[in-house]
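The values are calculated or read from the model by the stated rules, or taken from the named source; none is laboratory data. Computed from a predicted structure; not experimentally measured. Backbone-built Cβ (ideal geometry, glycine too); neighbour counts: all protein chains shown.
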Amino acid sequence: MAVRVLCSRQALRLCSVLASPSTSSSSSSSLGLQQSNRGLRVGFLGAPFNKGQRRAGVSEGPQAVKDTGIITTLHDLGVDVRDYGDVELDNNNNNHNNNHSKQLTDDVSDSLYLGPNGERHFQTVLTYNQRLSSKVGEVLKDGRLCVTVGGDHSIAIGTIHGHAHSNPEHQVVVLWVDAHADLNTGTSSPSGNMHGMPAAFHITNLSSRHAKLQDGFPQASLATTHLAYIGLRDVDKGERAFLDQLGIVNYGMREVDRLGVREVVARCLDHLSPSNTRPLHVSFDIDALDPLEAPSTGTPVRGGLTMREGLVVVEEARAGGHMGALDLVEVNPHLGTPTDAAYTAHAAKEIIMGALVGGDSQ
Ligand SMILES: [Mn+2]
């Protein structure tokens, strides 16, 4: 059995060497990679937003990831990459919180900022995400794969909204890679932190349970079959009930161990897009990785994906050929030592690189 596995792996490797001259020798690899990535157009967005949770520092995630030199690295690999800068909270247009914006801090507990179901910073989170959604739409309209670096995971309210609504004729589907399901509503959430709610905002079956902005933002776009999870290992009771009742496909770490990550991601992609035609949105929370790989994050849970497993997820998602947008969230350089922070930012870089250019650059 082991011999057969080895043989088939060797055959695969041989095929990939034959198919891609860039991997055949180190001397020609740089030029070959540049050529193979030519035509890939990427837009980089920073989302330095932290009001979806209570720990300071996650708003510095985008800068920490940029400080790894990722944009230059992508450029050197032949990728046409444009930095669209950060999407900031616009206090001038932030009507509800305009008078109070100076008072907003990470530990604010004033009920003034709660949504109708106890969502913390409800208005701020949704107003920010509405801006982010249109910015994501701009990047996609420019014909670029949109990479958004957070910030906390509440920014996926805006990124998925922007992606789904700029592709109304095609059904955008979402692969959610995370230790947590982020599927709470305001009512089911134990904490009221909105970074634990973004997935639920997009599920049409849960839409009526959510309060929204006055103009109806965010409009849900996902049927329950258009979302799949990998990496779960810390799921709230209410979230587990939603997953079970709605039949949302989810592979926790136990399934990753049992089936292998390659099989898990293949099943997810096949479920989301059986004929592999739908635009794919990958929302990757760095806490999907084990804290040994990515220690500087707000809600670490031990027993997570290895770096290699995380890379397989994004490399396989890329190989499908329809990834339109990627989120990389919850890098918090204030947590842990400076070495931890740098290590985590580099883990984020590796995941983004794996999603954009695949394993050849590693
Ligand atoms: Mn998350």
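Among the residues of region 136-148, which ones are surrounded by 24 or more Cβ atoms within 10 Å (Cβ to Cβ) and away from the ligand (no atom under 14 Å from the Cβ)? Scanning region 136-148 gives Val136, Val139, Cys146, Val147.
In region 254-266, the residue that is nearest to Asp287 (Cα to Cα) out of those that are within 19 Å of the chain's Cα centre (by Cα) and surrounded by fewer than 21 Cβ atoms within 10 Å (Cβ to Cβ) is Arg262. Against the list (1) of a type in the set (S, T, N, Q); (2) more than 13 Å from the chain's Cα centre (by Cα); (3) within 24 Å of Val312 (Cα to Cα), the condition Gln214 fails is (3). For region 273-309, filtered to residues that are touching a residue at least 40 places away in the same chain (Cβ under 8 Å) and among the small types (Gly, Ala, Ser), the residue that is farthest from the ligand (Cβ to nearest atom) is Ser273.
Restricting region 316-332 to residues that are farther than 19 Å from His163 by Cβ and surrounded by fewer than 22 Cβ atoms within 10 Å (Cβ to Cβ), the residue that is farthest from the chain's Cα centre (by Cα) is Ala319. Here Asp270 clears all of (1) free of Cβ contacts under 8 Å to residues at least 24 places away in the same chain; (2) within 16 Å of the ligand (Cβ to nearest atom); (3) assigned to a helix (DSSP H, G or I) except the condition numbered (2).
Where residues in region 166-183 are of a type outside the set (A, V, I, L, M), out of contact with any Gly (no Cβ under 7 Å at 6 or more places or on another chain) and modelled with pLDDT of 95 or more, which of them is nearest to the ligand (Cβ to nearest atom)? Across region 166-183, the extreme among qualifying residues is Trp176. Scanning region 184-218 for residues that are touching a strand residue (DSSP E or B) at 6+ places or on another chain (Cβ under 7 Å) and away from the ligand (no atom under 16 Å from the Cβ) turns up just one, Thr204. The requirement of being charged (D, E, K, R), out of contact with any helix residue (DSSP H, G or I) (no Cβ under 6 Å at 6 or more places or on another chain) and within 27 Å of Gly137 (Cα to Cα) is not satisfied by Asp257. Conditions first: (1) more than 20 Å from the chain's Cα centre (by Cα); (2) part of a helix (DSSP H, G or I); (3) surrounded by fewer than 18 Cβ atoms within 10 Å (Cβ to Cβ). Phe242 passes all but one, so which condition is the exception? Checking Phe242 against (1) more than 20 Å from the chain's Cα centre (by Cα); (2) part of a helix (DSSP H, G or I); (3) surrounded by fewer than 18 Cβ atoms within 10 Å (Cβ to Cβ), the one that fails is (3).
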